[in-house]
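Student: Quick one: the structure is below, questions incoming.
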Amino acid sequence: MQSLRGLAGEAWRESQRKFSSKIQSCGKRRVAYYKKIDYQLAQTGRYRNLLDMNAHLGGFAAALVDDPLWVMNAVPVQAKTNTLGVIFERGLIGTYQNWCEAMSTYPRTYDFIHADSVFSLYKDRCDTEDILLEMDRILRPEGSVIIRDDVDVLLKVKSIVDVMQWDGRIVDHESSPHEREKILFATKMYWTAPNPHQNQGVEVVS
């Protein structure tokens, strides 16, 4: 990153080291908490392709850098701050994405999705249902999701994912149960439509 006016050279580099250390510490604390709740995230090799829908500075991906997986860091085009350059400078991969639109996932889908404040960001831009349906499309069966947001937003999200046959639960923020921000852990269940002729006494003629 280029030096800011009035803060150059070694002073700038030192400020960046301290800032990066703080961000990485926060990311590691969050991921450690996630692994306590979602035991599958703690299993080495359980997830390989991860998506962070609102990556900010890439703290989620950086906290998982030693795990055998990769994270696609998406920066919403509606985000207040464009952080994609910071993500690249940290040696991570990323892209821009408008979550009111479909995401190009070729050639892969994802095992795990992390969504930090995504629904609050798009509250007045598009429907919650549309974002969740897009998440369902790009998430593999039995894949998992972690959604962080205001408790009122999460209660609405939880009511929708229950209908989508996701198995979900809301837990407290890692810092305190008094925080309005809560965390929704959910798993996309594997299911198939029943045979229309099953248990109906209909003889099927081949």
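Student: Filter region 26-43 down to residues that are of a type in the set (Val, Ile, Thr) and closer than 9 Å to Phe60 by Cα, then give me how many there are.
Tutor: The number of residues fulfilling the criteria is 1.
Student: Filter region 101-122 for residues that are closer than 21 Å to Gln40 by Cβ and touching a residue at least 60 places away in the same chain (Cβ under 8 Å); which is surrounded by the fewest Cβ atoms within 10 Å (Cβ to Cβ)?
Tutor: So the residue we want is Thr109.
Student: Test each condition in (1) without any contact (Cβ under 8 Å) to a residue 60 or more places away in the chain; (2) over 19 Å from Val118 (Cβ atoms); (3) out of contact with any Gly (no Cβ under 8 Å at 6 or more places or on another chain) for Val77 and report the one that comes out false.
Tutor: (2)
Student: Looking at this structure, is Ala61 assigned to a helix (DSSP H, G or I), on the phi < 0 side of the Ramachandran plot and touching a strand residue (DSSP E or B) at 6+ places or on another chain (Cβ under 6 Å)?
Tutor: When the stated conditions are applied, Ala61 passes them.
Student: So which residues in region 141-171 are within 14 Å of the chain's Cα centre (by Cα) and surrounded by fewer than 19 Cβ atoms within 10 Å (Cβ to Cβ)?
Tutor: None; the set is empty.
Student: If a residue has to be under 14 Å from His56 (Cβ atoms) and either in contact with a His (Cβ under 8 Å, 6 or more places away or on another chain) or not hydroxyl-bearing (Ser, Thr, Tyr) (or both) to count, how many in region 90-125 make the cut?
Tutor: Count: 9.
Student: May I ask you to list the residues in region 109-148 that are assigned to a strand (DSSP E or B) and on the phi > 0 side of the Ramachandran plot?
Tutor: Glu142
Student: Consider Tyr96 carefully, then state whether it is in contact with a Leu (Cβ under 9 Å, 6 or more places away or on another chain) and either acidic (Asp, Glu) or at pLDDT 95 or above (or both).
Tutor: It is true that Tyr96 is in contact with a Leu (Cβ under 9 Å, 6 or more places away or on another chain) and either acidic (Asp, Glu) or at pLDDT 95 or above (or both).
Student: For Glu174, which of the numbered conditions (1) more than 16 Å from Tyr47 (Cβ to Cβ); (2) surrounded by fewer than 14 Cβ atoms within 10 Å (Cβ to Cβ) fails to hold?
Tutor: (2)
Student: Starting from residues that are assigned to a strand (DSSP E or B) and at pLDDT 90 or above, keep the ones in region 1-54 and report whichever is surrounded by the most Cβ atoms within 10 Å (Cβ to Cβ).
Tutor: Asp52
Student: Assuming Gly85 fulfils every condition listed in (1) within 18 Å of Cys26 (Cβ to Cβ); (2) more than 12 Å from the chain's Cα centre (by Cα) apart from one, which condition is it?
Tutor: Unmet condition: (1).
The values are calculated or read from the model by the stated rules, or taken from the named source; none is laboratory data. Since this is a predicted model, take the numbers as computed values, not measurements. Counting neighbours? That spans all protein chains shown, and the Cβs are built from the backbone with ideal geometry, glycine included.
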